Amino acid sequence: MPKLKTKSGAKKRFKFTASGKVKAGVAGKRHRLISHNSKYIRQNRGTSVMADADAKKIKSYMPYA
């Protein structure tokens with residue numbers, strides 16, 4: 001069997017926790033931040049854990065992670 005390739009876009013965007021959950025950066029933090037209030041910007045700082053339905057798809061992109 002040949003080795004499976006990892007999606008290069010996925011390996012740049014996602015990390016896995018020790019328990020196997022998927023972490024990702026929060027969306028909506030690149031531009032047009034003036035129109036968002038301070039609470040929105042503050043709460044979207046850092047990373048968040050992806051939902052189970054999304055995590056299942058991401059894990060298929062990263063077979064050896």
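When residue 32 is tested against (1) on the phi > 0 side of the Ramachandran plot; (2) among the basic types (Lys, Arg); (3) touching a residue at least 24 places away in the same chain (Cβ under 8 Å), just one condition goes unmet, and that condition is (3).
When the residues of region 10-65 are narrowed to those that are among the aromatic types (Phe, Trp, Tyr) and in a helix (DSSP H, G or I), which ends up surrounded by the fewest Cβ atoms within 10 Å (Cβ to Cβ)? Walk me through how you get there before you give the answer.
So in region 10-65, the residues among the aromatic types (Phe, Trp, Tyr) come out as 14, 16, 40, 61, 64.
Still in the list and also in a helix (DSSP H, G or I): 40, 61.
Details: 40: 12, 61: 17.
Ranking the candidates gives 40 first.
Of all residue pairs spaced 6 or more apart or on separate chains, those with beta-carbon atoms under 6 Å, a first member in region 7-23 that is within 15 Å of residue 46 (Cβ to Cβ) and a second member that is open to solvent by 60 Å² or more (accessible area, probe 1.4 Å) and hydroxyl-bearing (Ser, Thr, Tyr) are 23/47.
The values are calculated or read from the model by the stated rules, or taken from the named source; none is laboratory data. In this text the structure is predicted, and so the values were computed from the model without any measurement. Don't worry about glycine lacking a Cβ; one is built from the backbone with ideal geometry, like all the others, and counts go over all protein chains shown. Protein only, heavy atoms only, side chains kept; ligands, DNA and RNA dropped before computing areas. Shrake-Rupley method; radii C 1.70, N 1.55, O 1.52, S 1.80 Å.
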